[in-house]
Amino acid sequence: MFKIVKYFILTIILFSISLLFFGCDGLLDVNGNVSEWVNPPENSKSMLFINEQSEFNGTAIPIENAMIRIYRLDKPDADLVLVGETKSDSMGNFNDGWVVAPGKGSFVIRVEKEGYELVSKEFVNSNKMNIENSTTKRAWQHEVKAILVKN
């Protein structure tokens, strides 16, 4: 009987230690809006704001079915690895999330729609509290605003 208890306790200890080495998954959540810049000044470029106040003060209308793709950037000169994609709804809004490797990492968001100038931007994702945004936001929750210009 003592031998069975001994093996049971040893199994529990080994299982607990293994959890420390395997860690847990990370999260990445993006939500935001895609709009068309109505009557932009000549030579205007599409704009993308991530976790920042938009400097846009023109007129914009929602873009439906814009493709939002998230890529992982493993190394500065390496190829991008697709994490996931989503589309904007009839009001230009989107919200999606993915499981990613734990810890801090670099990612690229790309917003595109046929007939519009593609826009992309690099950002950092982390599994820690994002004090800069607010005490309720996490560093894996990203607010995105895309203003696209027609080609």
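Observations on the model:
- Residues in segment 38-53 that are in a loop (DSSP other than H, G, I, E, B) and surrounded by 15 or more Cβ atoms within 10 Å (Cβ to Cβ) were compared, and the one that is modelled with the lowest pLDDT is Asn51.
- Candidates are the residues of segment 88-98 that are surrounded by 15 or more Cβ atoms within 10 Å (Cβ to Cβ) and not in a loop (DSSP other than H, G, I, E, B); the one that is modelled with the highest pLDDT is Phe94.
- Scope segment 28-85; condition farther than 17 Å from Asn151 by Cβ and basic (Lys, Arg); matching residues: Arg69, Arg72, Lys75
- Single residue of segment 54-80 satisfying the filter (farther than 30 Å from Val99 by Cβ and in a loop (DSSP other than H, G, I, E, B)) that is modelled with the highest pLDDT: Gly58
- Qualifying positions in segment 113-122 - surrounded by fewer than 18 Cβ atoms within 10 Å (Cβ to Cβ) and either free of Cβ contacts under 8 Å to residues at least 60 places away in the same chain or not in a loop (DSSP other than H, G, I, E, B) (or both): Glu114, Gly115, Ser120, Lys121, Glu122
- The set of residues in segment 54-71 being surrounded by fewer than 15 Cβ atoms within 10 Å (Cβ to Cβ), charged (D, E, K, R) and touching a residue at least 24 places away in the same chain (Cβ under 8 Å) consists of Glu64 alone.
- Residue under evaluation Val83, criteria (1) of a type outside the set (Lys, Arg); (2) surrounded by fewer than 12 Cβ atoms within 10 Å (Cβ to Cβ); (3) modelled with pLDDT of 85 or more, criterion not met: (2)
The values are calculated or read from the model by the stated rules, or taken from the named source; none is laboratory data. Source: prediction; values computed, not measured. For neighbour counting, all protein chains shown are included, and Cβ atoms are generated from backbone atoms with ideal geometry for every residue, glycine included.
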